[in-house]
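**Student:** Here you go, one structure.
The values are calculated or read from the model by the stated rules, or taken from the named source; none is laboratory data. Bear in mind the structure is a predicted one, so any value in this text is a computation, not a measurement. A quick note on method: Cβ atoms are made from the backbone with ideal geometry, for glycine too, and the neighbour counts reach across all protein chains shown.
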Amino acid sequence: MAKSPGGGAGRQSIHDLKVRVKTARNRKHSSTIWLERQLNDPYVARAKAEGYKSRAAFKLIELNEKHHLLHPGNRVIDLGAAPGGWSQVAARETGSRESNPLVVGIDYIDMDPVPGVILLKQDFTEESAPANLIAALGGHKADLVMSDMAWPTTGHRPTDHLRIVSLVEIAADFAVQVLAPGGSFIAKVFQGGTEHELLAMLKRSFATTFHAKPPSSRKDSAETYLVAKGFRGDNRVIGGGD
Ligand SMILES: C[S@@+](CC[C@H](N)C(=O)[O-])C[C@H]1O[C@@H](n2cnc3c(N)ncnc32)[C@H](O)[C@@H]1O
């Protein structure tokens, strides 16, 4: 059972939830469906009850329960951290404190503070972002680089696919530069071809690589997570061609 980060108001029975949303005249049908799904989503209810900033927190909790990615004392970099659910989970599992911060997050949107976490407001694809992250981690190598980043979708599927793939490649490239030997990398990807090339590249740098879809990731979403464990310690640019 997941532990609560902030001492939530107690568990609500998810079976009691069944909210129907009337279609308001000014609301699009798709928005009504989204709202109805949010209101009936047991993970949304659990996130609220247990004090998590996002339902996404459960994806990391489930990935960690199954694949043992977070350990006390680990240093963690959280790419695309807002609103902060993954950072909360990472801070709790590593024991990150304000006096000894072990978790650094980055996002280009504003975020409320997450106790024990250093948060940078910047686009990760900007040239100075990697150096800023490493500096925030006190120059230490990281044990886990995790990316839940996704660009806002354009609605044009091939464009959206290419955009997410390029984000993941940049994140993977960063990971192999900052990870300590034995470290791990996880990143949100979408099923659809190109990420298998990235997987092949990662296989050279990590002992094990695989895809994992945690139960809290919506079944109707193409989202899945790339997991690479056991970094071999060769801090080089994987996309650089060798
Ligand atoms: C799904 S949300 C992350 C949720 C987060 N894991 C949590 O548990 O709260 C994806 C985030 O990635 C951020 N993002 C997307 N592209 C980014 C980029 N290039 N640089 C920084 N953040 C980015 C978005 O602003 C968004 O907040």
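**Student:** Of all residues in the stretch 146-202, how many are out of contact with any Pro (no Cβ under 9 Å at 6 or more places or on another chain) and under 16 Å from Ala90 (Cβ atoms)?
**Tutor:** Adding up the residues that qualify gives 14.
**Student:** Mind listing just one residue for me: the one in the stretch 218-242 that is of a type in the set (Ser, Thr, Tyr) and in a strand (DSSP E or B) and, of those, modelled with the lowest pLDDT?
**Tutor:** Thr224
**Student:** Let me ask something additional. For Pro215, work out the one condition from (1) closer than 26 Å to Thr159 by Cα; (2) part of a loop (DSSP other than H, G, I, E, B); (3) out of contact with any strand residue (DSSP E or B) (no Cβ under 6 Å at 6 or more places or on another chain) it doesn't fulfil.
**Tutor:** (1)
**Student:** Filter the stretch 196-229 for residues that are in contact with an Asp or Glu (Cβ under 8 Å, 6 or more places away or on another chain), in contact (Cβ under 8 Å) with a residue 40 or more places away in the chain and under 22 Å from His161 (Cβ atoms) and give the result.
**Tutor:** Within the stretch 196-229, Pro214, Ser217, Leu226 qualify.
**Student:** Same structure, new question: Considering the stretch 34-87 alone, what residues qualify as being at pLDDT 95 or above and acidic (Asp, Glu)?
**Tutor:** The answer is Glu50, Glu62, Glu65, Asp78.
**Student:** Got a number for residues in the stretch 149-166 being within 12 Å of the ligand (Cβ to nearest atom), without any contact (Cβ under 8 Å) to a residue 60 or more places away in the chain and under 28 Å from Asp234 (Cβ atoms)? So that I can check it myself, show each step before the final result.
**Tutor:** Step one: list which residues in the stretch 149-166 are within 12 Å of the ligand (Cβ to nearest atom), which gives 149-153, 163-164, 166.
Filter again for without any contact (Cβ under 8 Å) to a residue 60 or more places away in the chain, leaving 151-153, 163-164, 166.
Those still in the list that are under 28 Å from Asp234 (Cβ atoms) too: 164, 166.
Counting residues in the stretch 149-166 that are within 12 Å of the ligand (Cβ to nearest atom), without any contact (Cβ under 8 Å) to a residue 60 or more places away in the chain and under 28 Å from Asp234 (Cβ atoms) gives 2.
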